[in-house]
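Note sheet for the following structure.
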Amino acid sequence: GEPALSITAQRAGHAVGGAFFVLQRLRDETIVVVTSTYHVARELHLDSSTLLQYGATPDVLVTQPGGPAMTLFSCLYGGVGSQLPDGTTKEKPLMVQPVVSQARKTLVEAVLGVLRRDGNVLLPVDASSRVLELLLVLSQHWDRHRLAGAYNLIWLGPMVHNTLEFARCQLEWMASPLGQQFDLQRGHPYALKHVNMFVSINELEAFLVDNQN
């Protein structure tokens, strides 16, 4: 018989390969959007979620606690022509989509503030998702300001090499500037030449014996 339902995966942001799903019942075009974790801001390693584009006005929204109230969400950040709660159509977004550049700047300044006082900074993060953004933020700053001789930048975890190999093979699913950098032969964005990687505390301690930055 005729198909009754279409299911389309769309970019959720937050993690490489992360998706939300748009389910559409074909006989009456009822739309259900199912999303859990998403990020509407563009990052260094990921483009922003397309939730505003494909999921702003569904018939049903299934999301995690604290997820978007889509009517308000769309009013604040949606594009030209979005409908307001009073039925009128707005000419421009009331707010721009969240920008993470200030958050990156705040993070780097906080880290360097501690290092300059001869302190150490520990940043616990998941093993294979958000760590990819953190690595780019810090390694790019280290490269740009030539900080490798002053401060050790260390990535410690049992899966660091596996995660890095995965990241290097997934550029097509990451932010477009990363792929362009590679295509133009300006080096791989995850070369991480100033990041010291260790899979155990013993390896780290052995490194620090001769590298007390």
Original post:
Residue separation times 0.36 nm, minus the C-alpha to C-alpha distance between Arg186 and Leu208: what's the value?
Top reply: 4.8 nm
Original post:
Measuring from label point to label point, each 7 Å out along Cα→Cβ, what is the Leu112 to Ser129 span in nm?
Top reply: 3.0 nm
Original post:
Quick one: if you stick a label point 7 Å off each Cα along the C-beta vector at His161 and Val199, how many nm between them?
Top reply: 0.5 nm
**OP:** Only residues of segment 104-126 count here: report those whose backbone N is under 19 Å from the spot 7 Å along Cα→Cβ of Ala41, or say none.
**Re:** 104-112, 123-126
**OP:** Kindly rank 40-52, 178-190 from highest to lowest mean number of other beta carbons found within 10 Å of each residue.
**Re:** 40-52, 178-190
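Here, each number is a calculation from the coordinates, and none is a lab measurement. As the structure is a computational prediction, the values presented were derived from the model and not from experiment. Neighbour counts run over all protein chains shown; Cβ positions are idealised from the backbone, glycine included.
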